[in-house]
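See below for the structure under consideration.
The values are calculated or read from the model by the stated rules, or taken from the named source; none is laboratory data. None of the values given here were measured: they were computed from a predicted structure. So basically every Cβ, Gly included, is an ideal-geometry build from the backbone, and we count neighbours across all protein chains shown.
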Amino acid sequence: MQPGMLARNRVVGTSAGTLWSARRSRQVHFSSLSSRRFMSASIFGVVQVLVTLCSGLLGEVRAVAGMQAANGASSTQHAFTTCFARVGLIMSLSTKRVQWAFAGLAVAWSAGCSSTRTADEYIRLAGTGALPRSYVCCATKSAPTIDGKLDDPVWQSAPWSEDFVDIEGDKRPKPAFRTHAKLLWSQEALFIAAELEEPHIRGTLKLRDAIVFHDPDFEVFIDPNGDSRNYFEIEVNALGTIFDLLLKRTYRDGGPAIHAWNVEGLRVVTYVDGSLNHPADTDRGWSVEMAIPWKALANLARTPCPPREHDVWRFGFSRVEWPTRVIDGYYETPEGSREDNWVWSPQGVIDMHRPERWGYVVFVAAAMASEPPTGVGGDARSRR
Ligand SMILES: [Ca+2]
Ligand SMILES: [Ca+2]
Ligand SMILES: [Ca+2]
């Protein structure tokens with residue numbers, strides 16, 4: 001029989017004398033018990049350390065998600081400092097009951113500390129470009145004419161996004177050429193427009209689902225329910241060639257990326273304001289106009305599709321720009337050169353496949369006050 005068992009058996013008595021005897025026995029056997037208690041307390045302490053560390057780090061990860069790397073350094077430092085302080089506190093405690101109490105407090109402390117700091121950080125970072133951007137997507141009664149030209153009256157009522165910035169944010173230079181985008185939606189489709197300033201418009205890829213970003217391109221990323229699963233990517237070059245794919249998970253989570261998946265009913269048209277693949281002159285840029293039917297996304301959206309009033313989806317917009325040189329009258333990308341990635345909402349790292357850092361698009365059912373009555377949009381082209 002173990003000493004501890006003997007001690008517990010002796011407590012099973014009703015007289016004060018028996019109880020006193022049992023307490024004395026427990027004291028007598030304390031040295032034998034202490035090693036077991038020490039072992040269990042140590043294991044318990046290790047578990048608490050792991051719980052505290054995980055809760056602290058998860059809180060910090062949540063806090064810095066979507067923020068830029070410059071802020072990430074101070075947040076990581078903060079995470080380790082606070083976690084180790086908590087670990088030290090827990091390890092210094094001796095009894096299980098107190099340890100349990102403080103373990104609960106430590107977890108609550110992690111969550112509370114993170115959320116408080118997050119709020120502070122968000123306030124401090126607001127307006128610095130470090131947070132994911134947001135865009136209010138208004139409804140439209142009249143669909144724009146998908147011809148690549150953005151002169152439809154309905155587009156005039158939709159606000160432009162912020163100018164695109166480098167994918168890494170403020171630590172990289174401002175893009176050489178302006179890019180911006182705008183959105184509208186109806187009960188049938190999502191409409192996307194983009195303008196890309198470009199003095200040398202070029203493109204070579206013509207086959208659907210070619211790796212379009214090997215040309216300069218414009219890219220749309222959509223994660224309807226924001227869970228970084230089952231999200232969509234559409235790339236288009238100046239020729240209007242489409243590369244659309246479904247990501248079951250991010251590449252870092254193993255993908256796969258399904259290139260054979262197509263946006264059923266997708267309409268994409270580009271408009272070249274200048275000349276295509278003609279180095280002798282200087283171009284102004286190109287624009288993209290796109291209509292994505294909701295029904296093409298509905299079975300993978302995991303959220304109402306079309307969205308409801310005030311639903312929020314995650315969106316990424318990106319532009320790939322390659323260095324260009326002219327050889328024998330043709331554009332080409334210098335061998336070994338790296339592309340620029342200019343984006344609407346900075347990712348902080350060179351990786352668009354981090355949906356948790358994309359911007360937020362809020363859908364509102366109200367049309368813009370300046371939107372013309374239904375039917376006017378179709379006449380816009382002829383007036384140009
Ligand atoms: Ca148009
Ligand atoms: Ca998703
Ligand atoms: Ca495809």
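What the table below lists for this structure:
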{"read-out": "Selected residue [in contact with a strand residue (DSSP E or B) (Cβ under 8 Å, 6 or more places away or on another chain) and closer than 17 Å to W342 by Cα] from V263, V269, V212", "value": "V212"}
{"read-out": "Residue among K149, K206, K182 that alone is more than 16 Å from ligand 1 (Cβ to nearest atom), basic (K, R) and either outside any helix (DSSP H, G or I) or at positive phi (or both)", "value": "K206"}
{"read-out": "Leading residue by the ranking (farthest from the chain's Cα centre (by Cα)) among those in segment 357-371 that are surrounded by fewer than 17 Cβ atoms within 10 Å (Cβ to Cβ) and at pLDDT 95 or above", "value": "V364"}
{"read-out": "Qualifying position, being crowded, with 17+ Cβ neighbours inside 10 Å and in contact (Cβ under 8 Å) with a residue 40 or more places away in the chain, among L297, L245", "value": "L297"}
{"read-out": "Any pair with Cβ under 6 angstrom, 6 or more apart, that starts in segment 345-358 at a residue that is farther than 8 Å from G316 by Cβ and ends at one that is aromatic (F, W, Y)", "value": "H353/Y251"}
{"read-out": "Boolean, L239 is part of a strand (DSSP E or B), over 22 Å from V362 (Cα atoms), away from ligand 2 (no atom under 16 Å from the Cβ) and in contact (Cβ under 8 Å) with a residue 12 or more places away in the chain", "value": "no"}
{"read-out": "Scan of segment 283-340 for residues that are of a type in the set (G, A, S), within 16 Å of ligand 1 (Cβ to nearest atom) and either closer than 21 Å to V364 by Cβ or not assigned by TED's automatic domain parsing to the domain that holds G203 (or both), ordered by number", "value": "A291"}
{"read-out": "Residues (away from ligand 1 (no atom under 16 Å from the Cβ) and out of contact with any Phe, Trp or Tyr (no Cβ under 7 Å at 6 or more places or on another chain)) located in segment 189-203", "value": "P199, G203"}
{"read-out": "Test: residue in segment 260-268 that is over 22 Å from E235 (Cα atoms) and either assigned by TED's automatic domain parsing to the domain that holds K149 or among the acidic types (D, E) (or both)", "value": "no"}
{"read-out": "Residue under evaluation S287, criteria (1) assigned to a loop (DSSP other than H, G, I, E, B); (2) under 25 Å from D209 (Cα atoms), criterion not met", "value": "(1)"}
{"read-out": "Some residue of segment 258-266 being within 16 Å of ligand 1 (Cβ to nearest atom) and in contact with a Ser or Thr (Cβ under 7 Å, 6 or more places away or on another chain)", "value": "no"}
{"read-out": "Residue check, T282 away from ligand 3 (no atom under 15 Å from the Cβ), touching a residue at least 24 places away in the same chain (Cβ under 8 Å), among the hydroxyl-bearing types (S, T, Y) and in a loop (DSSP other than H, G, I, E, B)", "value": "yes"}
{"read-out": "Within segment 259-279, considering residues that are in a strand (DSSP E or B) and within 16 Å of ligand 3 (Cβ to nearest atom), the one nearest to E219 (Cα to Cα)", "value": "V268"}
